[in-house]
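Report on one structure; see the data block that follows.
The values are calculated or read from the model by the stated rules, or taken from the named source; none is laboratory data. None of the values given here were measured: they were computed from a predicted structure. Heads up, the Cβs are rebuilt from the backbone with ideal geometry, glycines too, and the neighbour counts pull from every protein chain shown. Quick note on the areas: whole protein, heavy atoms, side chains included, nothing else; ligands and nucleic acids left out. Shrake-Rupley method; radii C 1.70, N 1.55, O 1.52, S 1.80 Å.
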Amino acid sequence: FGSVVANNNVDLTVYRGEILAILGENGCGKTTLLNIIGGLDTASSGQVTIDSERITPDSNEARNRHIGYIFQNYNLLSNQTVFENVAFALKLLGMKDQTLIEERTMRALKIVKMDKYRNRLAKNLSGGQMQRVSIARAIMKSPQILLCDEPTGALDYKTGKMILSLLQEINQLYHIPS
């Protein structure tokens, strides 16, 4: 078997508050590129830096601090509640203050309009609801970068359009120009 090049000579700079879309055919390397940027995969050459800090699969702390990731398949814990799925992001960061976890989780759920479903199990949600929970989990830590791997791919047109509008609102909320 020969080697496969998913991405070659990629040089990318993204500025605070900027929204960037990566388009291409299935299998062309979009998810691979996002996984390299997000420190989930390693590039065979080059490096990813965020504010001069190198991001690699071994840099869990830096990745957790800088990057929110909205996965194509949501990656929710199906037997956990909406609240537990979102709060999990803060627990991964080592946060133990239950009051602060409650406040930040509910704030994120309100932003994505899922606060009234806080006690519903993830497996009982629609695709659009799962995507909104995934977004809430990704924004919990106020990441500098929010990576979205096909955030509307599994959704109908109307729900997909709503998710894109929500992502634009979140970008404006977190990246107010100075």
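Taking the stretch 22-61 as the range and being small (Gly, Ala, Ser), open to solvent by 80 Å² or more (accessible area, probe 1.4 Å) and under 23 Å from Thr152 (Cβ atoms) as the test, only Gly27 passes.
For Arg132, the conditions (1) crowded, with 17+ Cβ neighbours inside 10 Å; (2) in contact (Cβ under 8 Å) with a residue 40 or more places away in the chain all hold with the exception of (2).
Scanning the stretch 147-167 for residues that are hydrophobic (A, V, I, L, M, F, W, C), modelled with pLDDT under 90 and touching a helix residue (DSSP H, G or I) at 6+ places or on another chain (Cβ under 6 Å) turns up Ala154, Leu155, Ile163.
Picking from residues in the stretch 81-108 that are among the polar types (S, T, N, Q) and farther than 19 Å from Asn64 by Cβ, the one that is least open to solvent (accessible area, probe 1.4 Å) is Thr81. For the stretch 137-157, the set of residues classified as more than 11 Å from the chain's Cα centre (by Cα) and buried (at least 17 other Cβ atoms within 10 Å of the Cβ) consists of Thr152, Leu155, listed by residue number.
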